[in-house]
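Have a look at the structure below before the remarks.
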Amino acid sequence: MNLKVSLLFLYLLFPRFLNAQESIKPYKIRENLYAITELDGGNVSFLVTRKGILVVDAGSTPGNGEKIVSIIREVSDEPIKYLILTHFHGDHINGIAAFPEDVKIIAHEKLIENNKLFNEDQLKNYINKVYPKHMESLKVQLELLDNKETDEYIALKKEFDTNKVYYEDIKKIKIRKPDKTFNDYYKIKLADERIILEYPDPGHTSDNIVVKFSNHNVIHTGDLVFNACFPYLIVEHGVDVYNWIQILDDLYLENISRVIPGHGDVAGKRILKEQADYFRSLAYKIDALRNAGYELDEIKKRIDIKEFDLKGNEGQFSINIEVIYSELENTLNEEGQKWWKF
Ligand SMILES: [Zn+2]
């Protein structure tokens, strides 16, 4: 697993290094249902039928998307008919350009608006202004080093080359409008398979959906589950931790045998509960300290990250506290002890 690297692409940062990923093998969940979890980006799943293939999520860059398509091609030659997007984050959709032109893209209706608000202009700015500046600065730094034998030069040269490849890759990103959007739920029949897409209201984002492979009791949750690593909570993107916990609790009651998370390994449905328990436990700690009269800064210092058995995205932990703290403040003010009713 390369979680540290895989999440870099959420905000299109500058990679220091990229993984050599020649040998990625899909993880077989059922005879015709696979997950790809070792990518630089969000997890992908695909379902193979005699009438075509359905894919969930598209990878973090066009190059990443190409890898996904080639991994699928090692399993089946059937046409890729559907591409389902779990939400609008770049590490799940920026690989779309690698998919066939005639693939039918399906997502929640708010994904279009979210793309407009958070992806389109930012991407243009990043590609046309931010990245060229970054490349120029790396070039200048390189030119200042006379001795090409030093570790410093070699490391910087490697960073420069990595960024050059990555920059060429992201220039090919296409933001495609879904061919079909829905609000509550959407049902797909493909050969004898039934796939249900459900919108459980905002949790991770305002457009997050859950994909249910009904014939198999398997679900793909998108980033409603970060398995064994710290989750991304982004206020502007519509995060709602209270609702997120409820979504996970509801799903946990369903007849589900395997869960494909947005990041991390495929596992049993216990990871739904683990994700909800992380939020609950953190919320209780924050609320107890709040009630004891501590301010946010002090609360952050008093909750030890080591109390949680998670690895990866550690930088998100203090943001997790901030987001839950403010949600707690607002929820308690408006609706009394709402948090404590779980
Ligand atoms: Zn996400």
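The values are calculated or read from the model by the stated rules, or taken from the named source; none is laboratory data. This one's a predicted model, so the numbers in the text were calculated from it and none came from an experiment. Glycine gets a Cβ as well: all are built from the backbone with ideal geometry, and neighbour counts include every protein chain shown.
Consider only pairs whose beta carbons are under 8 Å apart and that are at least six residues apart or on different chains; among these, list those whose first residue lies in region 69-88 and is over 30 Å from F118 (Cα atoms) and within 16 Å of the ligand (Cβ to nearest atom) and whose second residue is among the small types (G, A, S) and not in a loop (DSSP other than H, G, I, E, B).
Short answer, once both residue conditions are applied: none.
Could you say whether any residue in region 174-191 is hydrophobic (A, V, I, L, M, F, W, C), within 19 Å of M135 (Cβ to Cβ) and away from the ligand (no atom under 16 Å from the Cβ)?
no
Could you list all residues from region 260-270 that are out of contact with any Gly (no Cβ under 7 Å at 6 or more places or on another chain) and within 16 Å of the ligand (Cβ to nearest atom)?
Once the filter is applied, which keeps residues that are out of contact with any Gly (no Cβ under 7 Å at 6 or more places or on another chain) and within 16 Å of the ligand (Cβ to nearest atom), region 260-270 yields I260, P261, G264.
Quick check on my filter: what residues within region 90-102 are outside any loop (DSSP other than H, G, I, E, B) and away from the ligand (no atom under 12 Å from the Cβ)?
Once the filter is applied, which keeps residues that are outside any loop (DSSP other than H, G, I, E, B) and away from the ligand (no atom under 12 Å from the Cβ), region 90-102 yields I96, A97, A98.
Looking only at region 38-57, filter to residues that are out of contact with any strand residue (DSSP E or B) (no Cβ under 7 Å at 6 or more places or on another chain) and free of Cβ contacts under 8 Å to residues at least 60 places away in the same chain; which one of those is surrounded by the fewest Cβ atoms within 10 Å (Cβ to Cβ)?
Of region 38-57, the ones out of contact with any strand residue (DSSP E or B) (no Cβ under 7 Å at 6 or more places or on another chain) are 38-41, 48, 50.
This time we only want the ones that are free of Cβ contacts under 8 Å to residues at least 60 places away in the same chain, so: 38-41, 48.
Values: E38: 18, L39: 26, D40: 22, G41: 30, V48: 21.
Ranking the candidates gives E38 first.
For the list (1) hydroxyl-bearing (S, T, Y); (2) over 30 Å from K311 (Cβ atoms); (3) buried (at least 23 other Cβ atoms within 10 Å of the Cβ), I need the number of the one condition that S214 fails.
(3)
For L197, indicate whether it is buried (at least 19 other Cβ atoms within 10 Å of the Cβ), touching a strand residue (DSSP E or B) at 6+ places or on another chain (Cβ under 8 Å) and in the same structural domain as G95 (by TED's automatic domain parsing).
Working: buried (at least 19 other Cβ atoms within 10 Å of the Cβ): yes; touching a strand residue (DSSP E or B) at 6+ places or on another chain (Cβ under 8 Å): yes; in the same structural domain as G95 (by TED's automatic domain parsing): yes.
Yes.
Give region 175-214 a look and list any residue that's over 23 Å from L248 (Cβ atoms) and of a type outside the set (K, R), or say none.
If the condition is that a residue be over 23 Å from L248 (Cβ atoms) and of a type outside the set (K, R), then I175, P178, D179, T181, I188, L190, A191, D192, E193 are the ones that fit.
Which pairs do you get when a residue that is of a type in the set (D, E), found in region 107-133, comes within reach of a residue that is at pLDDT 95 or above and not in a helix (DSSP H, G or I), reach meaning Cβ atoms under 6 angstrom, with the pair 6+ apart or on two chains?
What qualifies is E109/T181; E109/N183.
Determine, yes or no, whether V55 is away from the ligand (no atom under 16 Å from the Cβ) and either under 18 Å from K212 (Cα atoms) or part of a loop (DSSP other than H, G, I, E, B) (or both). It would help to see each step written out before you state the result.
Working: away from the ligand (no atom under 16 Å from the Cβ): yes; either under 18 Å from K212 (Cα atoms) or part of a loop (DSSP other than H, G, I, E, B) (or both): yes.
Considered against the rule, which asks whether it is away from the ligand (no atom under 16 Å from the Cβ) and either under 18 Å from K212 (Cα atoms) or part of a loop (DSSP other than H, G, I, E, B) (or both), V55 comes out as yes.
I need the full set of residues from region 211-235 which are assigned to a loop (DSSP other than H, G, I, E, B), within 16 Å of the ligand (Cβ to nearest atom) and not hydrophobic (A, V, I, L, M, F, W, C), in order please.
Selection gives N227, P231, Y232.
Does D169 satisfy being away from the ligand (no atom under 16 Å from the Cβ), surrounded by fewer than 19 Cβ atoms within 10 Å (Cβ to Cβ) and not in a loop (DSSP other than H, G, I, E, B)?
no
N208 is checked against (1) part of a loop (DSSP other than H, G, I, E, B); (2) surrounded by fewer than 21 Cβ atoms within 10 Å (Cβ to Cβ) and fails just one. What number does that condition carry?
The number of the failed condition is (2).
Go through region 253-267 and give me each residue that's in a loop (DSSP other than H, G, I, E, B) and more than 19 Å from F88 (Cα to Cα).
The answer is E254, N255, I256, S257, D265, V266.
Consider S60 carefully, then state whether it is buried (at least 24 other Cβ atoms within 10 Å of the Cβ), part of a loop (DSSP other than H, G, I, E, B), within 16 Å of the ligand (Cβ to nearest atom) and at pLDDT 85 or above.
Against the criterion (buried (at least 24 other Cβ atoms within 10 Å of the Cβ), part of a loop (DSSP other than H, G, I, E, B), within 16 Å of the ligand (Cβ to nearest atom) and at pLDDT 85 or above), S60 qualifies.
H87 - would you say it is in a helix (DSSP H, G or I), in the same structural domain as V210 (by TED's automatic domain parsing) and either within 17 Å of the chain's Cα centre (by Cα) or exposed (fewer than 14 other Cβ atoms within 10 Å of the Cβ) (or both)?
In short, no.
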